[in-house]
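Since the structure comes first, as structure tokens, the remarks are kept for the end.
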Amino acid sequence: MKDRENCLTLGIESSCDETAASVLRGGRQILSNVISTQIPVHQKFGGVVPEIASRKHIVNIMPVIDEALRKAEVGLSDIDQVAVTYGPGLVGALLVGVSAAKALAFSLDVPLIGVNHLEGHIFANFLSAPELEPPFIALVVSGGHTALVEMKDYNSFRLLGQTRDDAAGEAFDKIARVMGLPYPGGPEIDRLAREGNPEAIEFPRALEEKGNY
């Protein structure tokens, strides 16, 4: 394997309804980032249908990987390691990405690295801010998770708090469905909120006296 600075990583993601692949150099330089979305497929159902998502991943996974390699201007034989999301996520969808990653790593005889979905969200900050170093506190707000996490060091995390019911993304989609808004609900609610009156409702501050985060 090359030195860490020049190591080429093929990253694969299929935890929900998007098939994605990326090639990185040195862990922080993005050479390519290809995403195949399934939004048009799931819009008619008002949300992601797991079985349909899995089947679409099977169709999309290799074309997306091929496109990521092409855009990075590297060949499969140039890859030094393969990383893949192993969870949490939709089981069938994850299985497609993990199976593809295992097969590629085995055929190339390179290391296979399993990546926790939520840790991946936190590590994404290193791509947009390469100078960032732990320790720090990260707020994870995604479709299925909302959590406050302390990153003490690389691969050292402590969960400080999380939602007890719906994550922010789930709440957006459910509210959008009740209001008859199109899927995905988040962007549409955000658009409408920008047109609203921020002073219309005065919300209380929850657990203000409890020393909560």
Looking at segment 60-79, which of its residues are free of Cβ contacts under 8 Å to residues at least 40 places away in the same chain and of a type in the set (Asp, Glu)?
Asp66
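Please go through segment 17-30 and give me each residue that is surrounded by fewer than 23 Cβ atoms within 10 Å (Cβ to Cβ) and more than 20 Å from Leu112 (Cβ to Cβ), ordered by number. Steps first, please.
So in segment 17-30, the residues surrounded by fewer than 23 Cβ atoms within 10 Å (Cβ to Cβ) come out as 18, 20, 22, 24-30.
Residues satisfying the conditions are Glu18, Arg28, Gln29, Ile30.
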Could you grab the pairs with beta carbons closer than 7 Å, sequence gap of 6+ or different chains, first residue in segment 28-53 and part of a loop (DSSP other than H, G, I, E, B), second one among the aromatic types (Phe, Trp, Tyr)?
Arg28/Phe126; Gly46/Tyr183; Gly47/Tyr183
Subset of segment 87-118 [of a type outside the set (A, V, I, L, M, F, W, C) and surrounded by 17 or more Cβ atoms within 10 Å (Cβ to Cβ)]:
Gly89, Gly97, His117
Out of segment 122-146, which residues are within 22 Å of Pro187 (Cβ to Cβ), in a strand (DSSP E or B) and in contact with a helix residue (DSSP H, G or I) (Cβ under 7 Å, 6 or more places away or on another chain)?
Val140, Val141, Thr146
Looking at segment 162-193 only, could you name the residues that are surrounded by 13 or more Cβ atoms within 10 Å (Cβ to Cβ) and among the aliphatic types (A, V, I, L, M)?
Ala167, Ala168, Ala171, Ile175, Ala176, Leu181, Ile189
Does segment 131-190 hold any residues that are acidic (Asp, Glu), within 25 Å of Arg28 (Cα to Cα) and touching a Leu at 6+ places or on another chain (Cβ under 7 Å), and which are they?
Glu150
Filter result for the condition that a residue is within 28 Å of Met151 (Cβ to Cβ), touching a Cys at 6+ places or on another chain (Cβ under 9 Å), part of a helix (DSSP H, G or I) and not acidic (Asp, Glu), over Ala68, Ala101, Ala93, Ala105
Ala93
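Coordinate-derived values only; no laboratory data. Remember, predicted model here, so these are calculated numbers, not experimental data. As a convention, Cβ positions derive from the backbone with ideal geometry for all residues, glycine included, and neighbour counts pool all protein chains shown.
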